[in-house]
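See below for the structure under consideration.
Readers should treat all values here as calculations from the given coordinates under stated rules, not as data from a laboratory. Nothing here was measured: the structure is a model prediction, and the numbers come from that model. All Cβ positions, even for glycine, are placed from backbone atoms using ideal geometry, and neighbour counts span all protein chains on display.
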Amino acid sequence: MVERLSFYLERNSPLHRLNPTTKLVVAFTLILVAFLGRGLFLPSLIFLLILAPLSFLGQVGREFLRTTLNLLLPLFAFLFVMQSLFYPGGKTVLFGFWIFAVKLEGVRFAFLTATRVLVMVSSFLLLLLTTHPGVLLLDLTQRGLPASVAYILASTLQIIPQMQAKAATILDAQRSRGLDTSGSLGRRIRALLPLVGPLVFGSLVDVEERAIAIEARGFRSSRPKTSLVEIEDRPLERALRWLCLLAFILALGSHLWP
Amino acid sequence: MAVIVIKNLTYTYPTMDHPALREVSLEVEAGEFVAIIGPNGAGKSTLCYTLAGFVPHFFKGELQGDVYVAGQDIRHVRLEDWVLKVGLVFQNPFNQISGAKFTVYEEIAFGLENIGVPREEMKRRVEEVMALTGIADLADRSPYALSGGQQQRVALASILVMQPEVLVLDEPTSQLDPIGSREVFQVIRQLAHQGVTIVMAEHKVEWIAQYADRVIALAEGEIIASGQPAEVLTDPRLPEYGIGISRYTAVARQAAEEGLWPPHQRLPVTLEEAAAGFRAIEETDYARLR
């Protein structure tokens, strides 16, 4: 059972070497600026001039663009069709066909929304592509995130493939004893019901054992914790994070300015 | 000096009517390797959990009698720190993977991070224990992408690395093939020689016969036999209680009924003993024929 647990791609790039918190702060700042800042082209410029070049600096450019497009193209298509045709208050008709009319206001709104979503999704994607989830959580723990919260996040990442494997096993076991999982939709849904019991109760039993296991490894030990991995944090990065705060304040200011 | 002293221990789980352990009394010396055998539901796991402090601190329930480990009353220890003294490895290797770590190396280091071991010492201990348990080549793999047997070794290594005084193992070889089981028994034997006290619940009587210092047989929460492996494992009552016996004992018992086992010689538990017994009877047969 080898499953890919995260988006992370191992590379030796300056972006990978950056402190995870710095990347997290930059990602949040870019998103906030894209949503708060003024200007129709601001979010698209953030993507083209900052995020896309960064992804190539991080040596994950191809994966970055492909995954972004795969995730967002269907949404964008839907957004443009709906908004350009049905945006309330649209007056400037660009062109019309049959009973429909494409309006400029709708297209502008769709473009702004789409590029904002693009910045949001792609900056997180870039963070995840270049940051190992374990390192990110470790860094956050060292900055005061409770160890139990970090544990919940890390184990959730790992538990999904496990649950899928378990569900497949239970389903196979039931099929091999004659459960019919094909046919009409209603029938398929009914066939899923017997899966729920074993999956949920089995998982609850697992939780108890898992609790014993991490207790046995001193998880709640009263001694101060140490960590195997050392995470770098250079003064330059600290400066960059302050810069991000400044950018956020500026964007907020421009948003609130009448 | 006895590291583990149990006197008249009776314990009932919160939701159960009947006690899981009844009037259990037991002493284990430092560096002794004690194996516990018994059918499913005999109380083996409960005894393991008690030594590790999970009974009564995790499972609650009612505990009567006395349990002292390393001079401390188990009822008055803090579970979160007790785990440094008594290490627990249990049956299902899958659920012993912490889930917090992404490689085997980090997984084994997890316990040391929690108890605040400095980084350099941590690396040294992790590498040592991976070599000892034969998993050095798995260091960079995901702990979830391993076979059951490999996971079981990782689980064992993750506890060994914490260097507990007492090591409690609840069927640690359930997922291992014969070669893997022997390696685990050898590692554990070696630890016992180094002074670690071992209590292991296990079904594989052939290995117990070879490696354990003492065997305790449990049935329905009570100790029904205790003593040298050769003595306990050939106890004629074991099958009545649903406890498996060594195939060598089984064969020799059948042979004895047919008069093919040297009279007055104890039944064998290992291949060597069985071979010696059959050789002896063969020689006397030849002697008679001549």
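Tabulated data for the structure shown
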| quantity | calculated |
| --- | --- |
| Antiparallel DSSP beta bridges within the protein assembly as shown, as percent of all bridges there, nearest 5 | 60 percent |
| Ascending count of other beta-carbon atoms within 10 Å, so fewest first, for B:C48, A:C244 | A:C244, B:C48 |
| Helical segments meeting 24 Å axial Cα length and Kyte-Doolittle -0.5 threshold in chain B (DSSP H) | B:271-289 |
| Taking chain A and dividing mean pair separation by its residue count, relative contact order in percent (alpha carbons under 8 Å, at least six apart) | 31 percent |
| Relative contact order of chain B, pairs being alpha-carbon contacts under 8 Å that are 6 or more residues apart, as % | 22 percent |
| Mean projected area in nm² (Cα convex hull; one quarter of hull surface) for segment A:1-84 | 7.6 nm² |
| Most fluctuating residue given options A:L193, A:L126, A:L18, as computed from a GNM of chain A linking Cα atoms under 10 Å | A:L193 |
| Residue of A:L72, A:L153, A:L179 that the Gaussian network model of chain A assigns the largest fluctuation, springs spanning Cα pairs under 10 Å | A:L179 |
| q = 0.18, 0.27 Å⁻¹, segment A:146-215: log10 I(q)/I(0) [Debye, one scatterer per Cα] | -0.78, -1.24 |
| Centroid-to-centroid separation of segment B:137-169 and segment B:235-257 [C-alpha atoms, Å] | 34 Å |
| Loop-located trypsin sites (Lys or Arg not before Pro) in segment A:27-78, at most 16 other Cβ atoms within 10 Å (DSSP) | A:R38 |
| ³J(HN,Hα), Karplus 6.51/-1.76/1.60, whole Hz, each residue of segment A:136-142, x for Gly, Pro | 4, 5, 4, 4, 5, 5, 5 |
| B:E32 long-range amide H proximity, modeled H, under 5 Å | B:I198 |
| Per residue convex hull volume, Cα atoms of the protein assembly as shown, in Å³ | 241 Å³ |
| Candidates B:I115, B:I135, B:I245, ranked by Gaussian network fluctuation over chain B, Cα under 10 Å, top entry | B:I115 |
| Shape category assigned to chain B from the gyration tensor of Cα positions, a/c cut at 1.5 | oblate |
| Entries of B:K60/B:K85; A:K166/B:K101; B:K7/B:K44 with Cα pairs more than 18 Å apart | B:K60/B:K85; A:K166/B:K101 |
| Ellipsoid semi-axes in whole angstrom, largest first, where each is sqrt(5λ) of the Cα gyration tensor of segment A:1-147 | 36, 16, 13 |
